[in-house]
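The values are calculated or read from the model by the stated rules, or taken from the named source; none is laboratory data. Remember, predicted model here, so these are calculated numbers, not experimental data. Cβ sites come from the backbone with ideal geometry, for glycine too, and all protein chains shown count toward neighbours. Only protein heavy atoms, including side chains, enter the accessible area calculation; ligands, DNA and RNA are left aside. Shrake-Rupley method; radii C 1.70, N 1.55, O 1.52, S 1.80 Å.
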Amino acid sequence: MFKSLKISTVVILLFSISFFSNATTVEEKDNVPYTYRVSLSDAPSLNIVTKIWAKIGSRSGYQFTVFVLPAERSLISVNKGEMDIEHTRLETLDLKNYPNLIRTKEYMYTIKTYAYVLKKSLIHINNWNDLLDKDISICYQLGYKDIEQNLQKKSHRLKLNPVNDAKQCLGMLKLNRVDLVLSTDVLPIELFQKKLEIEAPEVRIAGTLSESKFYPYFNQKHKNIIPKIDKIILQLRKENFFQNLINGKSK
């Protein structure tokens, strides 16, 4: 479904954390274009994110390299200037600990947070407040700030089970070790189930908790290119490029 990318446009590099302990700022030299380092904290989205920055690169004339880092380390690295761009975070990201980050004006896409349950479950969730005073067990993937921040505000009666990837959550749900899984619509439920080897009749969406806008964040030393990137993001959003790519409809 996806075509291979030209190496000159985007290079995908998965580096160990030790690389960044010795990282230095790369200066643009004569006739050598600067390559902006984009940090991504969600490894399963690597293919999609690579295509996004390839498209932005083709329209802007800039070059981008995509790296994968753990969620908190990603923000710290962009704030320090070891990386140049945080792929996307919530509009409400608290910048108190990341004073060198600047958010773009335009958002790339919106992502919904869903509650997944076994089909036989009687649980129905319409918003975050529906979790108040519930005595249920919830599994979610670490690194999703919207989920983490909202769960912190809810009843202490909730039994929280944070894990490293959504497949663990679905496994726990199948074994009835948790009542509910919180995840996003980055993949439609059909692909979500197929990817996690779950039969479609077994899982249903119990409700939509929220819909959030996601924006790139730049290290302040690159603020001069943000206006141009904003224009391209707006163009691509109007063309439904981001949503089509996320939903697997891109050519």
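On the stretch given as region 123-137, residues that are outside any helix (DSSP H, G or I) and either surrounded by 17 or more Cβ atoms within 10 Å (Cβ to Cβ) or not acidic (Asp, Glu) (or both) total 9.
One line per residue, one yes/no per condition, for (1) free of Cβ contacts under 8 Å to residues at least 60 places away in the same chain; (2) charged (D, E, K, R):
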position: Leu90; (1), (2): no, no
position: Asn100; (1), (2): no, no
position: Arg103; (1), (2): no, yes
position: Met108; (1), (2): no, no
position: Thr113; (1), (2): no, no
position: Lys120; (1), (2): yes, yes
position: Ile123; (1), (2): no, no
position: Asn126; (1), (2): no, no
position: Asp135; (1), (2): yes, yes
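Considering region 209-233, and only residues there that are modelled with pLDDT of 95 or more and among the hydroxyl-bearing types (Ser, Thr, Tyr), the residue that is surrounded by the most Cβ atoms within 10 Å (Cβ to Cβ) turns out to be Tyr217.
Residue count for region 150-170 under the criterion of being without any contact (Cβ under 8 Å) to a residue 12 or more places away in the chain and either under 22 Å from Leu90 (Cβ atoms) or not in a loop (DSSP other than H, G, I, E, B) (or both): the result is 1.
Within region 76-114, the set of residues being charged (D, E, K, R) and surrounded by 17 or more Cβ atoms within 10 Å (Cβ to Cβ) comprises Glu82, Asp84, Glu86, Arg89, Arg103, Glu106.
Of all the residues in region 78-130, those that are over 19 Å from Ser210 (Cβ atoms) and over 19 Å from the mean Cα position of the chain (by Cα) number 12.
Pro201 passes every criterion in (1) surrounded by 14 or more Cβ atoms within 10 Å (Cβ to Cβ); (2) modelled with pLDDT under 95 apart from (1). When residues in region 29-60 are screened for being open to solvent by less than 60 Å² (accessible area, probe 1.4 Å) and part of a strand (DSSP E or B), 6 of them pass. Residues in region 64-75 that are open to solvent by 20 Å² or more (accessible area, probe 1.4 Å) and either touching a helix residue (DSSP H, G or I) at 6+ places or on another chain (Cβ under 6 Å) or part of a helix (DSSP H, G or I) (or both): Val68, Ala71, Glu72, Arg73. Pairing each residue of region 231-243 that is hydrophobic (A, V, I, L, M, F, W, C) with any residue that is open to solvent by 60 Å² or more (accessible area, probe 1.4 Å), provided the two are 6+ apart or on different chains, yields C-beta distances under 7 Å for Ile232/Arg59; Leu236/Lys55; Phe241/Lys55. Applying a threshold of 9 Å to beta carbon distances and a minimum spacing of six or more residues, or different chains, the list of pairs starting in region 24-47 at a residue that is within 16 Å of His222 (Cα to Cα) and of a type in the set (Asp, Glu) and ending at one that is at pLDDT 75 or above and not in a strand (DSSP E or B) reads Glu27/Tyr34; Glu28/Tyr34. You will find that of Tyr107, Tyr114, Tyr140, the residue that is modelled with pLDDT of 80 or more, in a loop (DSSP other than H, G, I, E, B), within 24 Å of Pro44 (Cβ to Cβ) and not polar (S, T, N, Q) is Tyr107 and no other.
Of all the residues in region 143-178, those that are among the polar types (S, T, N, Q), modelled with pLDDT of 85 or more and open to solvent by 60 Å² or more (accessible area, probe 1.4 Å) number 1. Evaluate the following for Phe20: is it modelled with pLDDT under 85 and in a helix (DSSP H, G or I)? Criteria met by Phe20.
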